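Structure first, commentary second.
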Amino acid sequence: MTTNAIPLAQRNALEPDSDLNNKAVSEIATALLQLLADAFALYVKTKNFHWHLSGGHFRDYHLLLDEHADQIFSITDDIAERARKIGGTTIRSISDISRYQRVKDNNNDYVAAKEMMSELRDDNRQFIRWLRSTHSLCEKHGDVATASFIEVWIDQAERRHWFLTQIVR
C-alpha cells in the first residue's frame, strides 16, 4: 500500500514530528534506505562467503567473516530507526532490499577464499564511501544525531576493510 492510499489520520500517526524540513527528511531517509539495503546485502554476502569458505585459512577466515557479519547486521536496526525517527520510511521486504541495494550479489557456486576476501574488501570500501556521502548530507541538513551514528559505522567499516586488505596482500 502506498503512502497516498493511507488515510491522512493514519499517515500522521506514522510520521514523527521532526524539526528537519521535508527536503532534509526526504534526502536523508532515502540515503538511509539505500544504506540499509546495502547493509543487508553486505551481511548476506559476508554470511554466504562464511558458509562456503574452504582452504588453508578456513578457521581464521570463517571466524573473521562471522564477526564481520554480526557487526554489519548490528547496525541495521539503528539505520532503520534513524529513518523512522526523522519522519522517513524504510525497507519493508526482501524485494525492497534488492530494489535499493548497490552492493552486488555473488551467486557463484565456487569462489576462492582470497577472491572472497578481495570482493568483501572492495564492498566495504564502497560502503565506507556511501557512509561518508550520507554523513555529508546529514551535516548539510544539521542532522547531528544521524551523523554521529554514521561516524561509528565508518570506523567499523574501516576496520573491516583494513583486515580484509591485510589478508589480500
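The values are calculated or read from the model by the stated rules, or taken from the named source; none is laboratory data. As the structure is a computational prediction, the values presented were derived from the model and not from experiment. Neighbour counts run over all protein chains shown; Cβ positions are idealised from the backbone, glycine included.
Across the stretch 19-43, the qualifying residues are those that are among the acidic types (Asp, Glu) and out of contact with any Phe, Trp or Tyr (no Cβ under 9 Å at 6 or more places or on another chain), and the one among them that is modelled with the highest pLDDT is 27. Applying a threshold of 7 Å to beta carbon distances and a minimum spacing of six or more residues, or different chains, the list of pairs starting in the stretch 145-159 at a residue that is within 19 Å of residue 120 (Cα to Cα) and ending at one that is surrounded by fewer than 18 Cβ atoms within 10 Å (Cβ to Cβ) and of a type in the set (A, V, I, L, M) is empty.
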